[in-house]
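Structure record follows, encoded as structure tokens.
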């Protein structure tokens, strides 16, 4: 099993990897299908189902789908160009994706939120259709946004886990047990094995430049969030808090008046800064999702700014280790809130961050696996119940607490020798089973939990 660090961590836009980035990616894939088809097309239609319908407006799924059909992609998203394009589409009721000419598309009638007909493959389903001059559908494809910006067609989903057709990698671990065995046999760290796998698919300079860009985007997102002010969009009137907290923390520095637990505020504010940017539709990195995008960057920033002896040269090892853990969770369970609740999002992110921090602080592979297990175990059962379908409440603060748990888990693991009762594989399987048993009300539909018990206007 091989899942690249650049698949686990993807540069994109907020507020949701599964509900914003995923539909945009699906639309891009559909345009490619159209370009490869011998038919001539005159129009487009789309329908959103399941969680994409129930919380689609709050997650900007409609905007993402429209822009995706116009040719926009998350990695190269230009916010100003997007606004101009949306205005033109509303006026002309057409889209003009490259290579396909002008196509009829009226967002009011050709984009349907179907609340009554969930698709069978996954909670995040959508159907994209291309029509001829008479309005008859001549190309149709069902897509599922399965979390973290990953998108599968119904055929790919039915075939099982996404296939990997690339060359064999030197350390093809599919479980934490296999990962640890390979580490013992090779004498390599988890990051070193992951790096060897990546280098079997790409040159070293591309890997290094890519991981540097990931951290740069993450860090820039933190910095923007620490300066952002005002009210977040969506109607809940949630005020940005990261700047005020950060300003207060900076003012207290050097005063010798702060309690030791104030370090938790630093971790929280870094994560909140990212998720406030995400909620505002800014540029973020899936880690492994947008809703959980603040945990990993916050822990890296905590490491660099607050841990003696920390070095930016170790950030690549952090990201590679985190990606290895995230890949195990995705392969054996889920990173999708719509599929398994927030345990699959912030829980997975905390496990990834704990593993990464433990690794760069000198942890053995066994201690790294222990750190990931501790962090994930103490998110088991966490629901996904965003108020008004927005990635704001409880998501922003939840990332802060996820970062704190990640650091605590890494610290506990480093205090031990790596032996522990609950294997990471058992914890991941428990998360998968818990997600299966969890009521749909608590899986990103905003039909239960805080979403119905907190006034949302």
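Derivation of every value follows stated rules applied to the coordinates shown; laboratory data play no part. Keep in mind that this is a model prediction, so the values were computed, not measured. Cβ placement follows ideal geometry from the backbone for every residue including glycine, while neighbour counts extend to all protein chains displayed.
What to note about this one:
- Between helix 190-199 and the chain: long-axis angle, C-alpha atoms, 0 to 90°, nearest 10: 40
- Entry note, the chain: the mean residue ellipticity at 222 nm calculated from DSSP H runs of n ≥ 4, each adding -39500 (n - 2.57), is -15500 deg cm²/dmol after division by the residues and rounding to the nearest 500.
- Highest-first arrangement of 183-194, 290-301, 116-127, where packing means the average Cβ count within 10 Å: 290-301, 116-127, 183-194
- Rg/Rh ratio calculated on Cα atoms of the chain (Kirkwood radius): 0.97
- Axis of helix 365-377 versus longest Cα principal axis of the chain: the two differ by about 60°, to the nearest ten degrees.
- Against the chain, whose longest principal axis is taken from its Cα atoms, helix 295-306 shows a tilt of about 40°.
- The packing ranking, built from the mean of other Cβ atoms within 10 Å per residue, places the peptides 213-223, 441-451, 133-143, 399-409 in the order 399-409, 441-451, 213-223, 133-143, highest first.
- Packing-based order for 236-244, 4-12, 422-430, 75-83, using average beta carbon neighbours within 10 Å, highest first: 4-12, 422-430, 236-244, 75-83
- The range 17-158: C-alpha gyration tensor shape, a/c 1.5 cut-off, then a/b vs b/c: rounded
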